[in-house]
Amino acid sequence: MAIPQTVLPTRLATLLRNFSLKSACRYAVVGLLQNGISYCFLLLLISFGWLAWQAILVLTPIAMIVSYLANRSWTFEGSGKNPRQFIKYVATYAVSYLGAVSLTWAQEAAGVSSWAAALITTVTAAFALFLVLNFWIFPNRLTER
């Protein structure tokens, strides 16, 4: 069954209307700070002999909670507070967590250095997570149904 031609432009318009440049900039600030600090701790653990996937396994849950608090209270402040947000956030980060550990492990197994594997995983996850946060977890209240 074909999708009517009017559906795609309408959905695209809704997505663009829900995109917030202010939130994207704030997400970048929170992400750079939180990921920068996490990355420093990751490098510290690697210097103690840990593999990157092991450090990510330990650091990600801590970073997730810090990130949730910053994103809820500052980055996406206009979205309001919804009790389901935290559940959605944890579910999203659980999937991201498994993906990050797996992707980092696969890169290291393929010969990518630990620091580079962690950096590639962090950048990839950041882009994907912003889309999920902006459009699903913290959508703009004015356009949420």
Exercise for the section: Give the number of residues within the stretch 73-91 that are over 20 Å from Ser20 (Cα atoms) and either touching a helix residue (DSSP H, G or I) at 6+ places or on another chain (Cβ under 6 Å) or of a type in the set (Asp, Glu) (or both). Expected result: 0
Practice task
Inspect the stretch 74-84 for any residue being modelled with pLDDT under 90, among the hydrophobic types (A, V, I, L, M, F, W, C), closer than 20 Å to Phe135 by Cβ and not in a loop (DSSP other than H, G, I, E, B) and give the result as yes or no.
Solution key: yes
Completion exercise
If we ask which residues in the stretch 45-64 are exposed (fewer than 14 other Cβ atoms within 10 Å of the Cβ) and of a type in the set (A, V, I, L, M, F, W, C), their number turns out to be 3
Handout entry: Single residue of the stretch 85-143 satisfying the filter (without any contact (Cβ under 8 Å) to a residue 24 or more places away in the chain and within 16 Å of Gly36 (Cα to Cα)) that is surrounded by the fewest Cβ atoms within 10 Å (Cβ to Cβ)
Key = Phe127
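The values are calculated or read from the model by the stated rules, or taken from the named source; none is laboratory data. The model shown is predicted, which means the values in this text are computed figures rather than measured ones. Positions of Cβ are backbone-derived with ideal geometry, glycine not excepted, and every protein chain shown enters the neighbour counts.
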